């Protein structure tokens, strides 16, 4: 019931709203009312908006409202009674807003408490689970260690038992064979001796074969090395001063290139004949396969291009 009364009070129109509604219903404009009441349009607007601050004392305001009500044929007393009415709904509205805000805050507080409880339960459950997991892991670790130790002991004991059984079987069987079958023992010894002799002969034969095969391989590798060495020629150059050099062998492979410093000795190998280019041949001593090469016939003070060995 209180809620319904509050809503009814909020719906009660103000003085200005009553005047505005009556004017619109009468089909009058603000200018029409202003002309008939001898008031400005601004004053009429402020009356309809319940804005009395700039209209002078309340005595004048009440006179304006009475004149406005007479023009619109409204009950002036009832309309004037509404001047103070807007304050009560506003206070009621504020109380209602405060009540709703209090209810909302209470609801939010309950929701926060419920959320905190759920969070505490989750954290507690996680802690209990971690604690139980760690305890179970600690309990399982000694059991696994003990099992592995027992298993290793059994593995160590098993070969000993097997060896003991084999030894006892051999010992119990050997006397029976020696006493009942002397001929079999003799024949076994003869067979073993023959096998040893055959094995020795085979080893000697294999040894001879190895020596016979290895010798040709050594000779073959030696001959290949000699043939390879004889197919290559060696050039030795001694530089008495800085000189540029480039050498190609018969396979068009460049075996030397660049500027060599004074005092440098260069040795290269390749397949003859060689194509040689020297920047300063007069400052270079050249040997081919241990033989000194005479370069005095080449033109001096210019680039020398020649073949090694020199053409006669």
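The values are calculated or read from the model by the stated rules, or taken from the named source; none is laboratory data. Treat the numbers as computed from the prediction; the structure is a model and nothing was measured. Virtual Cβ from ideal backbone geometry, glycine too; neighbours counted across all protein chains shown.
Scan region 23-34 residue by residue and report those that are under 21 Å from residue 60 (Cα atoms) and surrounded by 12 or more Cβ atoms within 10 Å (Cβ to Cβ). I'd like the intermediate steps shown before the answer.
Looking only at region 23-34, we keep the residues that are under 21 Å from residue 60 (Cα atoms), and these are 23, 30-34.
Within region 23-34, 23, 30, 32, 33, 34 meet the criteria.
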Any chance residue 78 is over 16 Å from residue 46 (Cβ atoms), in a helix (DSSP H, G or I), modelled with pLDDT of 80 or more and touching a helix residue (DSSP H, G or I) at 6+ places or on another chain (Cβ under 9 Å): yes
